[in-house]
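The structure under discussion appears below in the form of C-alpha cells.
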Amino acid sequence: MNQAPWINYRPEIKILDCTIRDGGLINGHLFEDKLVKAVYDTCIAAGVDYMELGYKGDKKIFAPDKHGAWKYCKEDDLRRVVEENDNSLKLSVMADAEKCDYKHDILPREQSVIDLIRVATYIHQVPTAVAMINDAKDKGYEVSVNLMAISTVQERELNEALDIFVKTDVDIIVLVDSYGVFYSEQVRNYIKRYLKAVKGTGKEVGIHAHNNQQLAFANTIEAIIAGANRLDATIFGIGRGAGNCPMEYLLGFLRNPKFNLRPVLECIEKHFRPLRDEIEWGCLIPYFITAHFNQHPRSAIELRAGENRDNFVDFYDRWNEA
C-alpha cells in the first residue's frame, strides 16, 4: 500500500527567510544588530536553508541618513552579525535592477560571506537583470531572479522574459506576487508555466507571496503542490505592507524533520510580537483594497502613515472611480 502523500515530505524543498530584507521595507532597514542576530540564530536552529539579510542598495539612490545598514549589506556589517557564517545556513542579499551599483558593491564570492544573489527586476528592466545575473555568476555566486509585479505583465512579455532568463546561467526563477492579488488557481497556472519553461535545465522555481488578501500561506502551499521547491517566508509574516507568508505557518505545514518550529515561535515571542507594537504590518483593509484593484500597495502605506488612516471607504472610492 502506498504511503499517503500528505504525511511525507519533499526533501528538495528549500526555505529562504526574508524577514530582515522585506521587513526592513517598513522601517528603512533600521533594525538593530541584536534583532538581526536573533533572526540569524533562529534560522540556524529552525533548519532554514537561506537567510536574506537585506539589499545591495546604491547609496547614490538611497540616502544613508535615512536607511540602516541592511539596505546596503556592506561586508563589514554582515560579518559583524554572522562572522564567518561557519554553519549550514546560506546567506542571501537582494539586488534591485537599476537601484544597485552591482559591479562595485557586489564583491567576488571568495571575498564575501554571501552565497546567493537575488536579482529583482520589473519586466522593462530584463536586459539589466540579465547583465546582473551574468555578473553575479561570473563572481561565483548562486543566483536567482525575482520577476516582480507579474499580475501586471502581459502573457507574451512574460513568455519572452522566461525564455531570456532560461538561456542565462541563473539557478532559480521566482514567481513574485508583488501586489498580493493572486488566487490559488492563478498561482498553480503560473508555477506550471515557469516549470515548463525551465524543464530540462536543472533550474529551480520559487514563490514569493504577499498577504494582501490573506492568501500568502495558501498560495505558497499551492505552489508547493504544483512543483515549486524554493519558498520565501518571514517570521510572524513581517514585510512591506500586508507582509509575507509566515514562516511559522510554513514550517508547521512541511513534514521535513530537518525543520524545527519551536525556535521560530520563541523568536516571535521575544522579538516580533513586541516589535508589532512599534511598527505596523499585516493584512489590513487598505492593502486588501490595493490588491483588489491590482495596484502597488504604496498608496495604502501612505494612507496608514497619515491622519486619516482608517478612512477605508474614501480609499476604496478613490480607486473604484479611477
**Report entry** For the chain: relative contact order, % (alpha-carbon pairs under 8 angstrom, 6 or more apart)
**Finding:** 17 percent
Requested in this report: Pull out a ≥ b ≥ c, the square roots of the eigenvalues of the alpha-carbon gyration tensor of the chain, then state rounded if a/c is under 1.5, prolate if not and a/b is larger than b/c, and oblate in the remaining case.
Outcome: rounded
Requested in this report: Would you kindly find the accessible area of His67, with a 1.4 Å probe and non-protein molecules such as ligands, DNA and RNA excluded, rounding to the nearest 10 Å²?
Outcome: 50 Å²
Report summary line: Zone reached by a paramagnetic label modelled 7 Å from Ile225 Cα along Cα→Cβ, restricted to the stretch 198-214 with backbone N below 20 Å, covers 205-214
Requested in this report: For Asp169, Asp86, give the ranking by accessible area with the largest first, probe 1.4 Å.
Outcome: Asp86, Asp169
Query raised in the report: So how far apart, in nm, are the two label points at Tyr183 and Ala63 if each is 7 Å from Cα heading toward Cβ?
Result: 4.4 nm
Query raised in the report: How many percent of the accessible area of the stretch 244-322 is carbon or sulfur, using a 1.4 Å probe?
Result: 48 percent
Query raised in the report: Under a point spin-label approximation (7 Å from Cα along Cα-to-Cβ), what is the Ile44-Asn134 distance to one decimal in nm?
Result: 3.9 nm
**Report entry** Protein-only accessible surface order, largest first, of Arg109, Arg230 at 1.4 Å
**Finding:** Arg109, Arg230
Query - Positive-end extreme of charge dipole, the stretch 174-251 - chosen from Val198, Asn219, Cys245 (charges on Cβ) - result: Val198
Requested in this report: On the full set of protein chains, 1.4 Å probe, figure out the accessible area of Phe62 and give it in Å² to the nearest 10.
Outcome: 40 Å²
Query raised in the report: Once label points are set 7 Å from the Cα along Cα→Cβ at both Lys37 and Asp163, what is their separation, rounded to one decimal in nm?
Result: 5.2 nm
Report summary line: Of Arg276, Arg156, Arg193, the most mobile residue in a GNM of the chain (C-alpha springs, cutoff 10 Å) is Arg156
Requested in this report: Using only alpha carbon pairs under 8 Å that are at least six residues apart, calculate the relative contact order of the stretch 180-250 and give it in whole percent.
Outcome: 33 percent
Query - Heavy-atom surface of the stretch 233-299, accessible at 1.4 Å and reported per residue (Å²) - result: 45 Å²
Query raised in the report: In what order, largest first, do Lys192, Lys139, Lys14 sit by accessible area if the probe radius is 1.4 Å?
Result: Lys192, Lys14, Lys139
Requested in this report: When a/c is below 1.5 the answer is rounded, else prolate if a/b is larger than b/c, else oblate, so apply that to the stretch 208-285 with a ≥ b ≥ c taken from the square roots of the Cα gyration tensor eigenvalues.
Outcome: oblate
Report task. With a 1.4 Å probe and every protein chain left in place, tell me how much accessible area Ile301 has, in Å² to the nearest 10. Result -> 60 Å²
Report task. Give, in nm to one decimal, the length gained when the segment between Tyr9 and Glu280 is fully stretched (0.36 nm per residue of separation minus the Cα-Cα distance). Result -> 94.1 nm
Query - Net length gained if the chain between Gln154 and Leu107 were fully extended (0.36 nm per residue, minus Cα distance) - result: 13.4 nm
Query raised in the report: Rounded to the nearest 0.05, what FRET efficiency is calculated for Leu261 and Glu321 with R0 set to 56 Å and r the Cβ-Cβ distance?
Result: 0.80
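The values are calculated or read from the model by the stated rules, or taken from the named source; none is laboratory data. Everything quoted here is computed from the prediction, not taken from an experiment. Here the Cβ is made from the backbone with ideal geometry for all residues, glycine too, and neighbour counts use every protein chain on show. When the accessible area is computed, the model is the full protein with side chains, heavy atoms only, and any ligands, DNA or RNA have been set aside. Shrake-Rupley method; radii C 1.70, N 1.55, O 1.52, S 1.80 Å.
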